[in-house]
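Shown next, in structure tokens, is the structure this report addresses.
The values are calculated or read from the model by the stated rules, or taken from the named source; none is laboratory data. Please read all numbers here as calculations on a predicted model, not as lab measurements. No Cβ is skipped: glycine too gets one built from the backbone with ideal geometry, and neighbour counts run over all protein chains shown. All accessible areas refer to the heavy atoms of the entire protein, side chains included, with ligands and DNA or RNA removed. Shrake-Rupley method; radii C 1.70, N 1.55, O 1.52, S 1.80 Å.
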Amino acid sequence: MTIRKSIQAQASRLGLTAYAISQQCGNDRKGKRVVSIVHVQAYLNGDKDMTSERLDAIMKVLGLEVKVST
């Protein structure tokens, strides 16, 4: 399963919308959203990719982590 699919599935399980995910990611030091609602929605729809910093924030909200297997 891809990271995107895992995020989509977990957001669905938790009943979180793009708006809720964006809100829970919070704001940066300048008061700007860490991840905008539009960006979350575009990522969930498969229309855009996202930086690792933004993915990290979203995954924390969803209680997900990346595990490396050897």
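Worth a mention:
- Here's how it looks for Val34: its modeled amide H is under 5 Å from those of Gly26, Asn27, Asp28, which are all 5 or more places away or on a different chain.
- Fully extended contour minus Cα-Cα distance, from Ser52 to Arg4, at 0.36 nm per residue: 16.1 nm
- Per residue value of the accessible surface for the chain (all protein chains in place, 1.4 Å probe), Å²: 71
- Here's the picture: charge each Lys and Arg Cβ at +1 and each Asp and Glu Cβ at -1 in the chain, and of Ile21, Leu44, Leu55 the one pushed furthest to the positive end of that dipole is Ile21.
- Exposed loop sites here mean trypsin sites (Lys or Arg not before Pro) with a DSSP loop assignment and at most 13 other beta-carbon atoms within 10 Å; the chain contains its longest site-free run at 1-28.
- Nearest-20 debye value, the chain charge dipole, Cβ charges on Lys, Arg, Asp, Glu: 100
- Annotation: aspartates and glutamates with alpha-carbon distance below 14 angstrom to Lys67 (same-chain offsets under eight excluded): Asp56.
- Placing R0 at 22 angstrom, the Cβ-Cβ distance between Ser12 and Lys32 gives a FRET efficiency of 0.20 after rounding to 0.05.
- Residue of Ser22, Ser12, Ser36 that the Gaussian network model of the chain assigns the largest fluctuation, springs spanning Cα pairs under 10 Å: Ser12
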